[in-house]
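**Student:** Would you mind keeping the following structure in view while I ask a few things?
Nothing in this text is a laboratory measurement; each read-out follows from the coordinates by a stated rule. For clarity, every value in this text was computed on a predicted model and none was experimentally measured. Here Cβ is always computed from backbone atoms with ideal geometry, including for glycine, and neighbour counts include all displayed protein chains.
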Amino acid sequence: MTNDQKIFVHETSVVDPGCEIGGGTKIWHFSHIMTGAKIGRNVNIGQNVVVSPNVILGNNVRVQNNVSIYTGVICEDDVFLGPSMVFTNVINPRSAIARKDQYRPTHVAKGATIGANATIICGITLGKYCFVGAGAVVTKNVTPYSLVIGNPAKPSGWYSEFGHRLDFDQRGIAKCPESQHEYQLYNNQVLRIK
């Protein structure tokens, strides 16, 4: 564990030896951080969370209650994992067949949000600042800034870095109502205009 700033671990939680935890991180009730996990600075890990070996959580990640983050998952900075959302790491699990050598990586890019009770099938990438709606079942890569909803999850619009729906004009330009940042939609891709 690193301790450049104070780390809070609730007395009911277990942090195994061999973890890296950045300063300012808080780990709440009944959570388990397993050997080899790497957790950045100012991360908030809610109640009843499991962080498996070799998981990487960037800085300022928010993990809500009842989330299991399995080996193979990498979350970049500023990711939000909603209550009871689910990651998987094997595409065809069977109780009687060991498949630990078949874990598929899942990459959650900077600023992405995954809503409550969503399921993320392993082996995909969630693009930066994308928004996965509550209860969605994501089976394919998600484009940066896009909103996906449903089962299976399908694109349903675009979101700004501040989490507001983007409404593009005839020129393909939209403005975030909170930040006033402008975005360009071109060829079914969104880029923030500098």
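**Student:** Take every Cα pair under 8 Å in region 8-166 that's 6+ residues apart, average their separations, divide by the length, and report that relative contact order as a whole percent.
**Tutor:** Details: 509 pairs, mean separation 19.5, N = 159.
Computed value for region 8-166: 12 percent relative contact order.
**Student:** Another question, then. Cα centroid distance between region 40-62 and region 17-38, in Å?
**Tutor:** Each part reduced to its Cα centre gives a spacing of 7 Å.
**Student:** Follow-up question, since we're still on this one. Using r as the Cβ-Cβ distance of Thr35 and Asn141, and R0 as 25 Å, what FRET efficiency do you calculate, to the nearest 0.05?
**Tutor:** Here the calculated transfer efficiency is 0.25.
**Student:** Which pairs break 24 Å Cα to Cα here: Lys110/Lys175; Lys38/Lys128; Lys38/Lys140?
**Tutor:** Pairs exceeding 24 Å: Lys38/Lys140.
**Student:** Also, quick follow-up: With +1 on each Lys and Arg Cβ and -1 on each Asp and Glu Cβ, how big is the dipole of region 8-166 about its Cα centre, in debye rounded to the nearest 20?
**Tutor:** Dipole magnitude for region 8-166 comes out near 420 debye.
**Student:** Arranged by the count of other C-beta atoms within 10 angstrom, fewest first, what order do Asp167, Asp77 take?
**Tutor:** Asp167, Asp77
**Student:** Report the local net charge at Glu178: Lys and Arg +1, Asp and Glu -1, summed over other residues whose C-beta lies under 12 Å from its C-beta.
**Tutor:** Neighbour charge sum, excluding Glu178 itself: +1.
**Student:** Moving to a separate point now. For region 8-166, what value does the Rg/Rh ratio take when both radii are computed over Cα atoms and Rh is the Kirkwood radius, given to two decimals? It would help to have the intermediate numbers written out before the result.
**Tutor:** Details: Rg = 15.0 Å, Rh = 15.6 Å.
My calculation of the ratio gives 0.97.
**Student:** Another one. Using a Förster distance of 41 angstrom, determine the FRET efficiency expected from the C-beta separation of Asn54 and Asn151, and round it to 0.05.
**Tutor:** The value I calculate is 0.90.
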